[in-house]
Every structure is written in structure tokens, then in C-alpha cells.
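The values are calculated or read from the model by the stated rules, or taken from the named source; none is laboratory data. The structure displayed is predicted, hence computed values, not measured ones. In this analysis, Cβ positions are derived from the backbone assuming ideal geometry, glycine residues included, and neighbour counts consider all displayed protein chains. For accessibility, only protein heavy atoms count, side chains too; no ligands or nucleic acids. Shrake-Rupley method; radii C 1.70, N 1.55, O 1.52, S 1.80 Å.
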Amino acid sequence: MTGYASFAELARNATEGKDFGIRLMDRPESPVIILAPHGGEIESGTSDIAEIVAGEDYSLFCFEGLKPYGENRGLHITSHRFDHPQCIAMTALRDVVVGIHGCMGDAQIFVGGLDVELANGLAIHLKAAGFTVISDGHRYPGRHPLNICNRGAKGRGAQLEITYDLREPEYRGRIAAGIRAALAERLEETRC
């Protein structure tokens, strides 16, 4: 199996608590949600980065592969088909959505999503943190309207695809700090 077409299909074939798990923190007062729809061992390190970004301020939803190493890729649900009911419900209530994903390659972060202003802010802050960021002309545009990052209250969000090497523990804090700086800037702009 290379992936499921929906959460319902996955739930018929996998067991929560054994094959996959959900890590979440619903902060109703927060206009921001951080998502790792391919967390745990599906795209390793993405849940950890998402949790650091969420901190004590933002809502968090992580769908995590719990199977032994090398057996989690089959739990992947493409982002525009990711429809876990709890994630959809939480995301629909948030104005600002950031999806954290993992991808192939070396030492790069690809930025996408329909929230162009947020994506641009993320690119600026991640570049300032010393990372190579690619915003255009890549294979991870995140622009499908059903992409989980674009299913917030405003119908747009941002997606980060982070290469495996940058998901290692020594980079996670710096990446999270760049994302949090972009979010703080975005929230300040919306208050003005």
C-alpha cells in the first residue's frame, strides 16, 4: 500500500494506538493551527517541529505513524485528501493554518499554499534563520483548495516541505523559531 485515499479508508485498514496515533492540543482562543498530517514515522521529525512551533500558544494536530521504522509510508494520505474529521473541524475554526511536511532532497525548505502573504513571510524568516528556501517553481505548491493547509476559516494557508536532513533535532528549534517569527508578524498585521 502506497497510501490511502481518505481517513475512512485508512481507519478500515489500520488500528489507532497501534498503527497510528493523534497528537493534538486544541486552544480555542488561538487563531492559529499547526498541522503535521504525516507525522510520527511517516515523515519523521514533522510532528516534533509542529509541536515546537505550536508551543503554548497555537493549536496543534499531528497524525502520526506508529508502526516500526520503514513500515509507515503506507499510512500517508495525500494532503488534498487528508480528511481526518477532528483535524478538519479544528482547522475550519482557524484563520491561520501552517502545514509541516517532509520531502526528499538536501538542505532545503519548500514553501507553498494559497496564503501567499503568509508563505512569503515564512520564506523571509526561514531565510533569515540561515535556510535555503524555495518559494516558486517547485513540486510542492500546496495550492489545491482541499489541501488541509487551505481548509481554514479563510480558505487559505501555508505549507512547508522540509528535507529529511533539516528535520534532524539540531535544526528543529531554528526552523520553529523562523516559523513563529513569521506567525507573530502575520498576527500583528491582522490586528492593525
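Restrict the check to region 91-103 and report whether at least one residue is surrounded by fewer than 21 Cβ atoms within 10 Å (Cβ to Cβ) and in a loop (DSSP other than H, G, I, E, B). Yes, region 91-103 contains at least one residue that is surrounded by fewer than 21 Cβ atoms within 10 Å (Cβ to Cβ) and in a loop (DSSP other than H, G, I, E, B).
When region 9-51 is limited to residues that are open to solvent by 20 Å² or more (accessible area, probe 1.4 Å), in contact (Cβ under 8 Å) with a residue 40 or more places away in the chain and hydrophobic (A, V, I, L, M, F, W, C), the one that is nearest to ARG174 (Cα to Cα) turns out to be LEU24. Just one residue in the set GLY137, GLY152, GLY142 is over 17 Å from ASP48 (Cβ atoms), in a loop (DSSP other than H, G, I, E, B), open to solvent by 30 Å² or more (accessible area, probe 1.4 Å) and of a type outside the set (Ser, Thr, Tyr); that residue is GLY137.
Answer with yes or no whether TYR58 is surrounded by 20 or more Cβ atoms within 10 Å (Cβ to Cβ) and at pLDDT below 95. It is false that TYR58 is surrounded by 20 or more Cβ atoms within 10 Å (Cβ to Cβ) and at pLDDT below 95.
Can you find a residue in region 107-115 that is in a strand (DSSP E or B), hydrophobic (A, V, I, L, M, F, W, C) and open to solvent by less than 10 Å² (accessible area, probe 1.4 Å)? Checked against the condition, which is being in a strand (DSSP E or B), hydrophobic (A, V, I, L, M, F, W, C) and open to solvent by less than 10 Å² (accessible area, probe 1.4 Å), region 107-115 yields at least one hit.
Please tell me if ALA119 is open to solvent by 20 Å² or more (accessible area, probe 1.4 Å), part of a helix (DSSP H, G or I) and under 16 Å from ILE148 (Cβ atoms). No; evaluated as a whole, the condition is false for this residue.
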